[in-house]
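Take a look at the structure set out below.
The values are calculated or read from the model by the stated rules, or taken from the named source; none is laboratory data. In this text, all values refer to a predicted model and were calculated from it rather than measured experimentally. Positions of Cβ are backbone-derived with ideal geometry, glycine not excepted, and every protein chain shown enters the neighbour counts. Please note that ligands, DNA and RNA were not included when accessible areas were found on the heavy atoms of the full protein model with its side chains. Shrake-Rupley method; radii C 1.70, N 1.55, O 1.52, S 1.80 Å.
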Amino acid sequence: MYKFFFKVHLYASLVIFPFVLIFAITGSMMAFEPELDHLLHAKLSYVEPGTKTLSIASIAVKVQNAFPKDTINTYNMASSPDISWQIYTNNRTIYLDQYTGKILGTMTGPDSWQNTQQNIHQLHLRLAFHDKHDIGGSIMSWADIILLISLPSGLVLWWRQKRLAVRWKEKPRLVWFDIHSLIGVVFFIFLVLLAFTGAMMGFEAKTTPLYYQLTGSKPSQAPD
């Protein structure tokens with residue numbers, strides 16, 4: 001039985017390795033998008049925290065005076081006191097110091113980093129394939145399913161020894177084996193949640209109707 005689970009875990013992992021690597025790299029970049037965006041647009045993003053922010057009405061006046069032909073659509077209030085506010089109009093994104101009212105700069109369209117972000121999203125979701133059949137999306141969704149097979153088989157293999165330590169003085173192969181096992185079992189729940197929710201999202205055309213059927217509910221109506 002051990003050999004069976006070992007082969008399942010080994011071959012499943014080998015098949016999905018490149019896709020899991022793409023998931024991990026692109027997912028990490030997506031998770032830290034705000035921080036990366038602030039770092040790459042430091043002059044627009046960072047402000048000196050003050051004692052009190054201006055009112056939205058005051059900010060609206062400053063924006064309208066600077067850009068009289070623009071119509072304000074959205075205010076993006078920063079969650080951190082040292083990050084600037086963004087005001088979105090029909091023509092541009094305005095970066096503004098919410099303490100002084102100073103306009104730090106504007107952006108009228110996606111720059112190279114924002115284009116890169118879009119490419120990262122598409123790579124994460126569908127290997128950056130753009131076709132009507134969404135082949136890339138199907139590949140990544142099925143990779144999630146295989147990952148859901150690989151993870152429990154790895155837990156079965158670990159259960160035989162139940163080791164939560166690394167034998168640093170052993171041969172390199174055993175050291176790497178222990179590191180692999182330790183990381184796998186420590187993050188097992190999180191990996192399963194990532195894989196399961198990713199698969200549900202990947203197959204949402206089938207899973208969403210199933211949810212409504214199981215719960216006996218109906219989709220909520222969008223407001224006017």
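Listed values, structure above:
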read-out	value
Those residues of the range 170-224 which are among the β-branched types (Val, Ile, Thr) and either in a loop (DSSP other than H, G, I, E, B) or surrounded by 11 or more Cβ atoms within 10 Å (Cβ to Cβ) (or both), in sequence order	175, 179, 183, 185, 186, 192, 197, 207, 208
Selection status of residue 113, open to solvent by less than 60 Å² (accessible area, probe 1.4 Å), within 23 Å of the chain's Cα centre (by Cα) and either farther than 30 Å from residue 199 by Cβ or modelled with pLDDT under 95 (or both)	yes
Given (1) within 30 Å of residue 184 (Cβ to Cβ); (2) open to solvent by 40 Å² or more (accessible area, probe 1.4 Å), number of the condition residue 26 does not satisfy	(2)
Residue count, the range 160-191 (criterion: within 17 Å of residue 10 (Cα to Cα) and at pLDDT below 90)	1
Residues satisfying the stated conditions in the range 116-163, i.e. under 30 Å from residue 92 (Cβ atoms), open to solvent by less than 40 Å² (accessible area, probe 1.4 Å) and assigned to a loop (DSSP other than H, G, I, E, B)	none
Any hit, the range 28-47, residues being over 29 Å from the mean Cα position of the chain (by Cα) and either free of Cβ contacts under 8 Å to residues at least 12 places away in the same chain or under 30 Å from residue 158 (Cβ atoms) (or both)	no
Output for the range 133-150, where each listed residue is acidic (Asp, Glu) and either touching a residue at least 24 places away in the same chain (Cβ under 8 Å) or closer than 10 Å to residue 19 by Cβ (or both)	144
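Here's the yes/no breakdown for (1) closer than 19 Å to residue 41 by Cβ; (2) out of contact with any strand residue (DSSP E or B) (no Cβ under 8 Å at 6 or more places or on another chain); (3) not hydrophobic (A, V, I, L, M, F, W, C):
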site: 56; (1), (2), (3): no, no, no
site: 59; (1), (2), (3): no, no, no
site: 70; (1), (2), (3): no, no, yes
site: 81; (1), (2), (3): yes, yes, yes
site: 97; (1), (2), (3): yes, no, yes
site: 103; (1), (2), (3): yes, no, no
site: 109; (1), (2), (3): yes, yes, yes
site: 119; (1), (2), (3): yes, yes, yes
site: 123; (1), (2), (3): no, yes, no
